[in-house]
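In what follows, a structure is listed as structure tokens, so that the remarks can point back to it.
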Amino acid sequence: MEFGNLFLLLLMLIALALAWYSGYKTQLRVKYFPHKNANKDYFIGLNYLLNDEPDQSIDTFISSLEVNSNTLESHLALGDLLRRRGKVDGSIAVYQKLFANSQLNHAELNQVKLGLVKSYVAAGLLDRAEKLIDELKVAETEVKIAALNQGLIVYQLEKEWQKAIMVVNDLLKLCLPNQRLGFQIRASHFYCELAEKELEFEHYNQAKKYLSNAKDMERNNVRTSLILGRLEFEQENYKQAIKALLKISSQDPSYKVEAFDLIIASYQALHDQNKLQKFIESNLQEPLSTTLLLMIIAYIKSTEGKDKARQLLFQRIASSPSIELLGQAILLNEKTESDSTAVKFNQILEEFLENKSRYQCGSCGFDLKNLHWLCPGCNEWGFVKPIDSIIEEPKS
Ligand SMILES: [Zn+2]
């Protein structure tokens, strides 16, 4: 049991026990224990607690409280506690019992609806959640904001990006100034999702419109440049593709590695060897991640030969040794490609690296093998980055 839950439970117990033993027995029975079995419920609840069944114990304590404005918070807290402990069905049952109660006013019923929305979302009952979220759009501001945030979760799960964008626009009107950027980043990614879908069907103009919306929401979203680069490349607008992809250096250089191959391919399609060479040299002048260095070494090996590639690698390896660079060094140092020791070593290395995470979320630390814009660990957008974006400085 989490410490917070245990603490809440103990507080409830202490409050009930103190009141019972301090001479207010009669008054308490009238006010809080309207049912004749109230004292019995207390001991049943205590028994559940002693038998390490805290949910049943709280449920029993709470069921001894009638539903009214004074006790609503306790009932809502129970629903919340059950949901957080994964007992979603029990949580929904608590809210539904409250919902059926006619003593609650309109604002109180909205709080119950909000609790029910959260439990529906947790249970995956998204249609039901969506219906209640629509109803709560006219609720008091605080409840409305909480409901809209639940709406964001629902539409993300359903991949209903247009609806999710509408929710963000509502939230941008209501949120605090320091929350704006977070919502804009999300909306920017929602537009990117729409753009990628259009790109899949080669609807280039519509995809460009969505990318423009995405940039309006957050101009430093690297993903907009990567998609635009791909879009221009597919349309054989290679100069435009390069222009879009080079922008990543100023947006967030950690992602340069994601654009490298496409930039090389664009220069090659333009047969612009000069600019390609300058691009490689400019990369070598800047701090470099291991992955990007390996990509450059592979490119140099394919264009200028093994000796040049080995020369570059041996210049760099001392300042930031890694297992990937050492593996490459052994391969490049062998006299022939078919050298059995080097090939064997390379196989072992590849198997080892196959299981290694290449990306990590900067928000929750979740490790991933592929780039995900939405972190599966914390549900935040745009925090997953290449893991070796810790970069080595170029040697002077
Ligand atoms: Zn995360």
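Every number in this text was worked out from the coordinates using simple rules, so none of it is lab data. Because the structure is predicted, anything quoted here is derived from the model rather than measured. Glycine gets a Cβ as well: all are built from the backbone with ideal geometry, and neighbour counts include every protein chain shown.
Of the residues I348, I323, which is touching a Phe, Trp or Tyr at 6+ places or on another chain (Cβ under 9 Å) and surrounded by fewer than 16 Cβ atoms within 10 Å (Cβ to Cβ)? Before the answer, list the steps.
On the way: I348 fails: touching a Phe, Trp or Tyr at 6+ places or on another chain (Cβ under 9 Å).
Being touching a Phe, Trp or Tyr at 6+ places or on another chain (Cβ under 9 Å) and surrounded by fewer than 16 Cβ atoms within 10 Å (Cβ to Cβ) holds for just one of I348, I323, which is I323.
Check Y95, Y155 and return the single one that is assigned to a helix (DSSP H, G or I), free of Cβ contacts under 8 Å to residues at least 60 places away in the same chain and within 25 Å of the chain's Cα centre (by Cα). Working first, answer last.
Values: Y95 fails: within 25 Å of the chain's Cα centre (by Cα).
Exactly one residue qualifies, and that residue is Y155.
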How many of the residues making up region 364-391 are farther than 16 Å from F183 by Cα, near the ligand (Cβ under 7 Å from one of its atoms) and under 8 Å from the mean Cα position of the chain (by Cα)? 1
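Residues being outside any loop (DSSP other than H, G, I, E, B) and of a type in the set (S, T, N, Q): count how many of those fall in region 211-262.
First, the residues of region 211-262 that are outside any loop (DSSP other than H, G, I, E, B): 211-217, 222-234, 238-246, 248-251, 253-262.
Those left that are additionally of a type in the set (S, T, N, Q): 212-213, 224-225, 240, 249-251, 254.
Residues meeting the conditions: 9.
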